[in-house]
Ligand code: SF4
Ligand code: SF4
């Protein structure tokens, strides 16, 4: 893991000179199995994917940062005033595209700052004006495309237990959708968050996964075979949708699910 690559000059220094040759050499010899960088900068993360030799990116991901524009000055993420007096329009499209691009390229994301440095755990500080639990924060990260794990910063045993409670939490305890959907200053309307709140579907369609594969396919000109294979592996497919509308009533983000199912059938053929 090559850490803290937030600056374009640092990126060039690492990837154009000896450091990357040394790291690649270690991988070829089997000393290391995967090569990663950590960054808070979306543009750097895109470059890391494009370069084609990075297996994993440690990236700052949480519901609060995701709503901020993906600008290059990452220091703004850490300023106290950043979330005050703003209205939000849901996930920033560039960040959204980054997660989908990573998933399509087979680059894993490890999330850091999953609690937004504690901001999301406080009703007073959170841009959603209601505290999320650590489990809900972790679930938000783990339901973003490409995210394979979350690194949690802790300072005592209770915080470790609060994070590891994720492993035994129910879907209801993990569900963050109500807090995000009802936040007075933000709107995620119409955008699938892959939260799974729409379940259960009477035809047992995993709507969140269908939507995720559909979104992954829609950012590319042609849906790759691997994506179609993943879709095919789902037990139930969009073609089984009977347009009952139950899911729509359950979706706090107002996603037009029936239309999404139709789009998936058109794209994947079933
Ligand atoms: S359709 Fe709605 S409820 Fe279902 S996963 Fe997407 S955002 Fe969540
Ligand atoms: S409308 Fe389709 S996807 Fe939604 S619950 Fe009914 S069958 Fe399932």
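Laid out as a table, the results:
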read-out	value
Ranking of 195, 137 by count of other Cβ atoms within 10 Å, fewest first	195, 137
Pairwise centroid distance, computed over Cα atoms, of the stretch 153-219 with the stretch 244-270, Å	17 Å
Rounded if a/c under 1.5, otherwise prolate or oblate - the stretch 77-200, Cα gyration tensor axes	rounded
Sum of -39500 (n - 2.57) over DSSP H runs of 4+, divided by residues of the chain (222 nm, nearest 500)	-11000 deg cm²/dmol
Extension reserve of the residue 189-residue 18 stretch, reckoned as 0.36 nm per residue once the Cα distance is removed	56.9 nm
Among 171, 156, 16, residue whose mean-square fluctuation peaks in a GNM of the chain (springs only between Cα atoms under 10 Å)	156
Candidates 201, 244, 102: whichever shows maximal mean-square fluctuation once the chain is modelled as a Gaussian network with Cα springs under 10 Å	244
Percent antiparallel among DSSP beta bridges (both partners in the chain, rounded to 5)	0 percent
Cα-derived Rg over Rh, computed across the chain with Rh taken as Kirkwood radius	0.98
Per-pair calculated FRET efficiency, R0 = 41 Å: residue 243 and residue 151 via Cβ, rounded to 0.05	0.45
Alpha-carbon gyration tensor eigenvalues x 5, square-rooted, for the stretch 207-268, Å	21, 12, 10
Residue with peak Gaussian network fluctuation, the chain [Cα springs, cutoff 10 Å], from 12, 232, 55	12
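Values in this text are rule-based calculations from the coordinates and carry no lab data. Here the structure is a predicted model, which means the values were calculated and not measured. Here the Cβ is made from the backbone with ideal geometry for all residues, glycine too, and neighbour counts use every protein chain on show.
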